[in-house]
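For reference, the structure is listed below as structure tokens.
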Amino acid sequence: MKKIIKALAVFSIVSLVNPVFAIEVDQKALQGAALYKQYCAGCHEVAASNAPTRASLGQMSATTILQQLAIGKMKVQAQALDQEQKALVAEFLAGEAGDQVDWITPAMCDSGKEVEIGDIATSGWGLRGVKNHRFIPGSVAGMSKENVGKLKLKWAFAYPGQTQVRSQPVVAGDTIFTGSKSGNLFALDRHSGCIRWHYKAVASVRTGLVLGQAEEGGEFLLFFGDITGAASAVRARDGVLVWRKSFALFQTSIITGTPALHNGRLYVPVSSYEVMVAADP
Ligand code: HEC
């Protein structure tokens, strides 16, 4: 009898708690929907504005949307919202809360995170060297006129919660280094696509990556720019941040062009997105 009473007690707590919880969730979704209607729909539901559609925003993770509202291209459009309201809109659009990182751990390689740099196949925007040839010789790529028609997909790597991939990877030894819009940097095993290491950057990795040494015989570093106008250097061997510095000149500064490394000096082009600010309704 005691057991039944206990079971009933548990059941009644659950049945009491559940509706309250459901109402709370609905309230949040309703608030998010109302904020979206007031502050976003005016552009995002109008094809002529060139803004991503509601469906396309729904493919992004809440963290990505929040980042765009807090420090990215939408910070002017969202300036009337406080932090909590920004989170409510982001969660309403994404249909989930927080960052989607659960997929990373199961995708890690079994064989440890340390990367051996080996032969560098591509090192930056121009692919090989500073002359911007954007050409990989057949002897490096393993591709020729004869076999190019027989390419088959070996593996694919998805970026959950992202609708765009814009950071050109670099390839060295058995590793592909690649950045994501959600602000992650990955070292992937070239043969299987498993993740060797993962670095969570402060902001969306916007530029291609550059792989090189700051001085001869030094550590190999990965350089990139982000949506806040800052550039970073991360150790290629294990994904540890070495430095991050802002080069923003204005509130709307952003780094779009991939930096270039030459003779121990990093050249960082800074761009701007005033065009988005002008679209403040
Ligand atoms: C004045 C029009 C306008 C308003 C208001 C507006 N947006 Fe945008 N939004 C745009 C345009 C245009 C783009 C595409 C910008 C680009 O790609 O350069 C965009 C892009 C975005 C992106 C993707 C950014 C990227 O680089 O991937 C997100 C996320 C976003 N908006 C969310 C929102 C949310 C949430 C709101 C409301 C708080 C909002 N926007 C309000 C016009 C607007």
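FYI, it's all coordinate maths here, none of it is from the lab. Just so it is clear, the model here is predicted, and its values are computed rather than measured. Cβ sites come from the backbone with ideal geometry, for glycine too, and all protein chains shown count toward neighbours.
Values as computed for the structure displayed
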| item | result |
| --- | --- |
| Estimated [θ] at 222 nm from DSSP helical runs (n ≥ 4, -39500 (n - 2.57)) normalised by residues in the chain, nearest 500 | -8000 deg cm²/dmol |
| In the stretch 116-180, the trypsin sites (Lys or Arg not before Pro) that fall in loop regions by DSSP, at most 15 other Cβ within 10 Å | Lys131, Arg134, Lys145, Lys152, Lys154, Arg166 |
| Val240-Lys28 pseudo-label distance in nm [points 7 Å out on the Cα-to-Cβ vector] | 3.7 nm |
| Part-to-part distance (alpha-carbon centres) for the stretch 249-280 and the stretch 81-133, which is given in Å | 20 Å |
| Beta bridge orientation in the stretch 105-277: antiparallel %, DSSP, nearest 5 | 95 percent |
| Förster-model FRET efficiency, 25 Å R0, Arg190 and Tyr267, C-beta, rounded to 0.05 | 0.35 |
| Gain upon complete extension [Val140, Glu219; 0.36 nm per residue less C-alpha separation] | 26.1 nm |
| Helix axis angle, 2-39 relative to the chain longest principal axis, alpha carbon, degrees | 60 degrees |
| Residue order, fewest to most surrounding Cβ atoms within 10 angstrom, among Val270, Val148 | Val148, Val270 |
| Area projected by the alpha carbon convex hull of the chain, averaged over all directions, nm² | 21.2 nm² |
| R0 of 22 Å, Cβ-Cβ distance Arg54-Asp82: FRET efficiency to nearest 0.05 | 0.45 |
| Qualifying GluC sites (Glu not before Pro) in the stretch 152-259, DSSP loop, other Cβ atoms within 10 Å at most 10 | Glu215, Glu216 |
| Modelled FRET efficiency - R0 35 Å, Phe250 with Lys152, Cβ distances, 0.05 increments | 0.15 |
